[in-house]
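The values are calculated or read from the model by the stated rules, or taken from the named source; none is laboratory data. Please read all numbers here as calculations on a predicted model, not as lab measurements. Cβ atoms come from the backbone with ideal geometry, glycine included; neighbour counts cover every protein chain shown.
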Amino acid sequence: MVKILYFASLREKLGTSGESLELPAGVADVGGLLAALAARGGEWESLAAVRNLKSAVNQEMARSHTPVKDGDEVAFFPPVTGG
Amino acid sequence: MSVSVQEADFDVGAEIAALTAGDPRAGAVASFVGLVRDVNDGAGVSEMALEHYPGMTEKALEAIVAEAKARWDIYAVRVIHRVGRLLPCDRIVFVAVSSAHRGEAFAACEFIMDYLKTRAPFWKREVTPAGARWVDARETDDDAAARWEK
């Protein structure tokens, strides 16, 4: 299982702050996971279209090719706007 | 604790005093205080809500502080970022850095703010007369952070 978290506008758009998911077969990185989520259709399709979508794996900033494995915590969020 | 993410307000004077208490090496403290403004992108802002990623936000701030300490000869650093509901004039962020001389303290303080704005997971949602909206990230913030990579 991987724990997935959604923050800010993404959380609102998807209507959930997170979920636990069995890693789909063949998914080994952030980009693959994102594609699998977008394939759900509906609002999930827009996930792949978010401009400058950011991600983190185990609370470290990640990129599309960052590996994801069973037990990881993956987060998706829009560009940050603190300070 | 050099980094805090909290709902509560903070006392700037007390934080600066604590930063250098008992440290005779410190000849300089540079600090920055960010405030909630009542206007953004041409619209009035009546209140703001700050969201963060518990756990990751603190780690990201600690990493930024560690990088500043690796780049400059600085002594103590304090970073406070508030979350939750804030109103115009409220303090939102505080950074203070001590060092022997002002140059290192100024540079490190500015570096920490620039990296905080682009690398720490905080998101602002502001309330305007047209309704609530998420604040968009600014390219100028990315540019400000990028100049430290040269």
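Figures for the structure shown
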| quantity | calculated |
| --- | --- |
| Among the residues listed as B:V95, B:V77, the single one being in contact (Cβ under 8 Å) with a residue 60 or more places away in the chain, within 14 Å of chain A (Cβ to nearest Cβ) and farther than 28 Å from A:L5 by Cα | B:V95 |
| Qualifying residue in segment B:46-61 (condition: surrounded by 17 or more Cβ atoms within 10 Å (Cβ to Cβ), in contact with a strand residue (DSSP E or B) (Cβ under 9 Å, 6 or more places away or on another chain), at pLDDT 95 or above and more than 11 Å from chain A (Cβ to nearest Cβ)) | no |
| Filter pass, A:V57 being within 25 Å of B:A120 (Cβ to Cβ), within 14 Å of chain B (Cβ to nearest Cβ), of a type in the set (A, V, I, L, M) and without any contact (Cβ under 8 Å) to a residue 40 or more places away in the chain | yes |
| Filtered residue count, segment A:43-54, keeping only those that are assigned to a loop (DSSP other than H, G, I, E, B) and either more than 10 Å from chain B (Cβ to nearest Cβ) or on the phi > 0 side of the Ramachandran plot (or both) | 5 |
| Long-range neighbours under 8 Å by Cβ, at least six apart or interchain, first residue among the basic types (K, R) within segment A:11-39, second modelled with pLDDT under 95 | A:K13/A:E43; A:K13/A:S46 |
